[in-house]
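Single-structure report; data block below.
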């Protein structure tokens with residue numbers, strides 16, 4: 001049973017010595033997931049907000065669809081994107097397969113419905129009196145939309161963080177679309193998968209610690225902003 | 001001819017097939033305080049929201065200084081920026097009290113330099129001067145309400161609409177609030193339109209009281225309010241309010257059976273005169289009450305039902321009326337409001 005203790009000891013050594021393979025994987029994870037979450041926020045928050053404040057006939061259907069997309073399996077996202085960007089697929093000419101960009105696309109597709117659906121429910125949950133008060137105070141259509149949006153700001157942040165948590169720890173699509181190429185598309189989760197298979201636990205544990213540390217950092221800063229009531 | 005300050009014409013609001021508001025004409029003057037009294041669910045809030053152009057009516061028109069106001073259009077927006085509405089359960093945004101007031105000034109394009117003093121004065125008028133820095137989320141319900149009222153006092157408004165301003169406010173602050181409302185009304189000639197379910201509150205504060213029941217408005221409080229059975233006789237509609245008293249009304253709908261008559265519309269005569277008025281009853285003066293140059297005369301009919309008539313002091317004296325005198329009360333079927 002010594003290998004567990006050895007695994008942890010090796011992991012700490014790697015973290016302290018800033019092991020190259022570990023750092024590369026961690027940086028790639030951060031780079032890919034931040035790019036994906038940035039894009040998902042750009043599209044998802046306005047989408048959820050727009051659906052939330054407007055009344056239209058297909059609203060219920062759209063909400064149901066978004067909620068269904070929440071449980072989209074990551075390997076299925078991997079498969080769909082793979083089909084599109086593989087050499088013989090419609091976007092094959094772009095040579096995206098097995099690049100970090102392909103991983104960004106996959107994670108973006110996973111994050112978008114989460115950000116949109118949670119932003120939507122935050123928007124719907126905003127007190128109806130917020131808009132009414134804005135109108136009373138003399139806000140025009142745009143100004144009242146901005147006021148409503150501001151009142152929902154913590155909900156949108158929470159939506160972004162929930163989506164980030166999902167894609168940051170995701171392995172299926174990253175593996176299928178990135179290909180787990182060392183030093184190029186190997187991120188935290190694919191590296192953990194590979195090394196566990198090989199029976200080398202140290203790198204896996206080190207990367208696991210880093211992954212959790214990053215997640216912790218993000219949540220702490222979220223809490224900080226929330227308490228400051230920006 | 002001078003334009004009416006604020007006028008509502010043929011306002012109708014329905015929910016499904018039922019009328020929740022139906023106002024033929026309401027003309028309000030600048031600088032007066034109007035109280036609308038009615039039970040819960042009578043349409044007070046709906047009326048206030050339509051008058052303040054917060055929500056549109058199904059049909060009918062609003063005019064402010066002769067200009068038509070449409071809720072969804074530019075005229076509605078600019079009207080809202082010259083007036084203010086305080087909800088029964090108002091809301092403050094998720095920021096401190098000072099910022100909550102400031103945003104109201106920003107949205108209305110108030111000049112930057114006198115904002116601070118403005119906000120301080122408004123908060124002081126509702127006893128909230130120490131709450132500037134406090135987060136809205138940490139205020140009690142009554143404090144939120146007072147802050148929202150302070151928001152209405154920030155600038156000189158043409159009209160301030162208050163929906164149940166005294167609900168959820170403790171006794172001590174009711175006095176402050178009454179004084180503040182009266183002060184704004186006097187100082188800026190701001191017209192005040194408020195609702196209350198407490199009739200005494202309404203009388204205490206307002207120049208004119210209107211009653212609203214089932215979405216219909218009558219001038220005055222619920223005086224001469226009766227209910228009874230509908231009857232039809234020789235093409236005349238009646239409401240039978242007691243075994244011996246039938247009141248002629250004008251109403252096509254057989255469902256309505258509540259009536260009210262404005263005391264101003266009831267004439268007192270010493271003899272049974274011939275006139276076009278369908279309602280003539282003999283009674284005895286039971287009580288009189290002098291108020292602002294007019295006399296409120298309580299006449300009992302058929303030893304059971306009391307009607308109130310409001311006549312001028314001079315006619316009262318000229319007719320030599322006194323307690324116990326036998327008189328006739330006369331009013332037209334058309335002056336009976338039906339609900």
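The values are calculated or read from the model by the stated rules, or taken from the named source; none is laboratory data. Treat the numbers as computed from the prediction; the structure is a model and nothing was measured. Cβ: placed from backbone, ideal geometry, glycine included. Neighbour counts: every protein chain shown.
Summary table below
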read-out	value
Residue B:278 under 23 Å from residue B:231 (Cβ atoms) and in contact with a helix residue (DSSP H, G or I) (Cβ under 6 Å, 6 or more places away or on another chain)	yes
Residue check for residue B:164: in contact (Cβ under 8 Å) with a residue 40 or more places away in the chain, within 26 Å of residue B:30 (Cβ to Cβ) and within 14 Å of chain A (Cβ to nearest Cβ)	no
So residue A:37, is it under 21 Å from residue A:190 (Cβ atoms) and either surrounded by 17 or more Cβ atoms within 10 Å (Cβ to Cβ) or modelled with pLDDT of 95 or more (or both)	yes
Residue B:173 vs. criteria loosely packed, with under 14 Cβ neighbours inside 10 Å, touching a helix residue (DSSP H, G or I) at 6+ places or on another chain (Cβ under 8 Å), assigned by TED's automatic domain parsing to the domain that holds residue B:28 and not in a loop (DSSP other than H, G, I, E, B)	no
Number of the exception - residue B:49 against (1) in contact with a strand residue (DSSP E or B) (Cβ under 7 Å, 6 or more places away or on another chain); (2) within 14 Å of another protein chain (Cβ to nearest Cβ); (3) part of a helix (DSSP H, G or I)	(1)
Selection within region A:66-89 - farther than 26 Å from residue A:190 by Cβ and either surrounded by 13 or more Cβ atoms within 10 Å (Cβ to Cβ) or in contact with a strand residue (DSSP E or B) (Cβ under 7 Å, 6 or more places away or on another chain) (or both)	A:66, A:67
Unique match (being under 27 Å from residue A:150 (Cβ atoms), part of a helix (DSSP H, G or I) and either in contact (Cβ under 8 Å) with a residue 60 or more places away in the chain or out of contact with any helix residue (DSSP H, G or I) (no Cβ under 7 Å at 6 or more places or on another chain) (or both)) among A:93, A:78, A:52	A:52
Of all residues making up region B:33-66, the number that are surrounded by fewer than 17 Cβ atoms within 10 Å (Cβ to Cβ) and touching a helix residue (DSSP H, G or I) at 6+ places or on another chain (Cβ under 8 Å)	2
Residue A:122 within 14 Å of chain B (Cβ to nearest Cβ) and within 21 Å of the chain's Cα centre (by Cα)	yes
Flag for residue B:51 being under 19 Å from residue B:192 (Cβ atoms) and modelled with pLDDT of 95 or more	yes
Residues of region A:99-125 satisfying the condition of being surrounded by fewer than 18 Cβ atoms within 10 Å (Cβ to Cβ) and in contact with a helix residue (DSSP H, G or I) (Cβ under 6 Å, 6 or more places away or on another chain)	A:124
Subset of region A:140-194 [within 14 Å of another protein chain (Cβ to nearest Cβ), without any contact (Cβ under 8 Å) to a residue 60 or more places away in the chain and in a helix (DSSP H, G or I)]	A:141, A:142, A:143, A:144, A:146, A:147, A:150, A:151, A:155
